1. Inside segment 39-58, can you point out the residues that are within 18 Å of residue 102 (Cβ to Cβ) and of a type in the set (A, V, I, L, M)?
2. I'd like the full set of residues that are free of Cβ contacts under 8 Å to residues at least 12 places away in the same chain, part of a loop (DSSP other than H, G, I, E, B) and either open to solvent by 60 Å² or more (accessible area, probe 1.4 Å) or in contact with a strand residue (DSSP E or B) (Cβ under 6 Å, 6 or more places away or on another chain) (or both), limited to segment 75-106.
3. At least 3 residues that are more than 17 Å from the chain's Cα centre (by Cα) and surrounded by fewer than 17 Cβ atoms within 10 Å (Cβ to Cβ) in each: list the helices (runs of 4 or more DSSP H) lying fully within segment 1-74 that qualify.
4. Would you confirm, using the coordinates I've provided, whether residue 21 is within 26 Å of residue 105 (Cβ to Cβ), out of contact with any helix residue (DSSP H, G or I) (no Cβ under 7 Å at 6 or more places or on another chain), in contact (Cβ under 8 Å) with a residue 24 or more places away in the chain and of a type in the set (Ser, Thr, Tyr)?
Amino acid sequence: MISEDIKKNRIMEHAFKKFTTVGISQVTMDDIARGVGMGKGTLYKYFPSKEVLLNNTVDFFAARMEKVIEDIMSDDKLAPIDKLSIFLKTIAERLSLINPSVIIYL
C-alpha cells in the first residue's frame, strides 16, 4: 500500500508540472486528479482547495531546491567559483522551465 506522504508528493509533483507549464489559473483540480489517477473527491481529502495545493506545492519544491543548493555549497571538492557557477546554472535551468504566467500569478 502506498503511504499518504508518497501520494501527497506524487500529487504535488504532478501539480508542479501542470502549474509551471500550463499556468496556475488554467489548471483545475479535475486536471490534477486525472493526472495522478484519482477522483477529485480523493484529491480534496489531501488538499482541500487549489490554493492549499498550490501553497504546499511551492513549499515542497522550495525545500527540494534548498536541498540541491545545500548539496552544491557543501561539496568540499568544488572550488568556490565552481560552486557559484553550478548554483547559478541550476537556478537558471529550473526557472527556464516555468511558464512566465506562473511568476506573474505568484
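1. The answer is 52, 53, 54, 58.
2. 76, 77
3. Filter on segment 1-74 gives 40-46, 50-73.
4. When the stated conditions are applied, residue 21 passes them.
The values are calculated or read from the model by the stated rules, or taken from the named source; none is laboratory data. Predicted model, so just to flag it, every value in this text is computed and none were measured. Quick reminder, even Gly has a Cβ in these numbers, built from the backbone with ideal geometry, and neighbours come from all protein chains shown. In case anyone asks, the SASA skips ligands and DNA or RNA and just uses the protein heavy atoms, side chains included. Shrake-Rupley method; radii C 1.70, N 1.55, O 1.52, S 1.80 Å.
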